[in-house]
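The block underneath contains the structure these notes are about, expressed in structure tokens.
The values are calculated or read from the model by the stated rules, or taken from the named source; none is laboratory data. A quick note: this is a predicted structure, and the numbers were derived from the prediction, not measured. No Cβ is skipped: glycine too gets one built from the backbone with ideal geometry, and neighbour counts run over all protein chains shown. These area figures cover heavy atoms from the full protein model, side chains too; ligands, DNA and RNA do not enter into them. Shrake-Rupley method; radii C 1.70, N 1.55, O 1.52, S 1.80 Å.
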Amino acid sequence: MIRHMVVFRLNSMVGPIEETVFFAAAQVLSDIPGVLSFRTHREVSTKNQFDYGLTMEFADQGAYDAYNSHPRHAAFVADVWVRDVAEFLEIDLVPR
């Protein structure tokens with residue numbers, strides 16, 4: 001199992017309406033084959049500069065690789081993520 005997490009901050013030009021549109025657009029990721037779990041999060045800690053997070057799980061490396069190369073993922077990144085996200089950190093974990 002792979003748990004994929006990304007924490008991020010939206011750029012300063014994104015207001016409440018654009019934030020809603022961003023998270024609605026992100027839901028397309030949950031429909032990509034191989035995504036076992038998909039959640040959106042709001043950061044509550046003051047220990048980092050990020051405001052939001054996305055998490056998802058994959059059964060194995062093959063499912064994660066297929067997700068990464070899927071056209072819907074590529075379109076979301078190109079059309080939404082690049083436009084709206086100012087800074088992010090991506091973390092991919094496997095059980096120990």
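Tabulated data
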item	result
Relative packing of 1-9, 45-53, which averages over residues the other C-beta atoms within 10 Å, highest first	1-9, 45-53
Accessible carbon and sulfur surface of the chain relative to its total accessible area, %, 1.4 Å	57 percent
Accessible area in square angstrom per residue, the chain, 1.4 angstrom probe	62 Å²
Angle between the chain longest axis and helix 16-26 axis [Cα atoms, degrees, rounded to 10]	10 degrees
Interchain or long-range residues, amide H under 5 Å from Leu10's placed H	Asp51, Ala86
Mean shadow area of the chain over all directions, Cα convex hull, nm²	6.4 nm²
